[in-house]
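Let me begin by handing over the structure; questions about it come next.
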Amino acid sequence: MHIDYLVKMANDIGQFFAVYPDTPETEQEIAAHLQRFWTPDMRATLRDHVAQGGAGLQPLVARAVLRLQQPAATA
């Protein structure tokens, strides 16, 4: 999938969450959405894009993508 399309879709998700405060919890909600609804390949492509600077991504979305790289805590 072309990165421009992934960036647009990710920013659309970020726009939905724009009404919420810019907090770590909001970042986590965006990351959770990406985890639930995006394929592993889509997430990996977006993570690679952020690692290369994340051109075009809203800052909140870029930070949320970084959360995808963190392993989930186990209880």
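If the Cβ limit is 6 Å and pairs must be 6+ apart or interchain, which residue in the stretch 7-33 that is in contact (Cβ under 8 Å) with a residue 40 or more places away in the chain pairs with which residue that is of a type in the set (D, E, K, R) and in a helix (DSSP H, G or I)?
Glu27/Arg63; Glu27/Arg67
Here's a follow-up. What pairs can you find where one residue is in the stretch 39-68 and without any contact (Cβ under 8 Å) to a residue 24 or more places away in the chain, the other is open to solvent by less than 30 Å² (accessible area, probe 1.4 Å) and not in a helix (DSSP H, G or I), and their Cβ atoms are less than 8 Å apart, with a gap of 6+ or different chains?
As it stands, the answer is Arg47/Leu68; Val50/Leu57; Ala62/Gly54, since those pairs meet every condition given.
How many of the residues making up the stretch 1-31 are of a type in the set (Val, Ile, Thr), open to solvent by 20 Å² or more (accessible area, probe 1.4 Å), farther than 17 Å from Gly56 by Cα and assigned to a helix (DSSP H, G or I)?
1
Same structure, new question: Restricting to the stretch 38-51, count the residues that are closer than 13 Å to Ala64 by Cβ and open to solvent by 60 Å² or more (accessible area, probe 1.4 Å).
Qualifying residue count, the stretch 38-51: 1.
(1) at pLDDT below 95; (2) in contact with a helix residue (DSSP H, G or I) (Cβ under 6 Å, 6 or more places away or on another chain); (3) not hydrophobic (A, V, I, L, M, F, W, C): which one isn't true of Pro40, the others all being true?
For Pro40, the failing item is (2).
The values are calculated or read from the model by the stated rules, or taken from the named source; none is laboratory data. What you are looking at is a predicted structure, and each value in this text was computed from that prediction instead of being measured. Using ideal geometry, Cβ is built from the backbone for each residue, glycine included, and neighbour counts are taken over all protein chains shown. Calculation scope for accessible area: heavy atoms of the full protein, side chains included, ligands and nucleic acids excluded. Shrake-Rupley method; radii C 1.70, N 1.55, O 1.52, S 1.80 Å.
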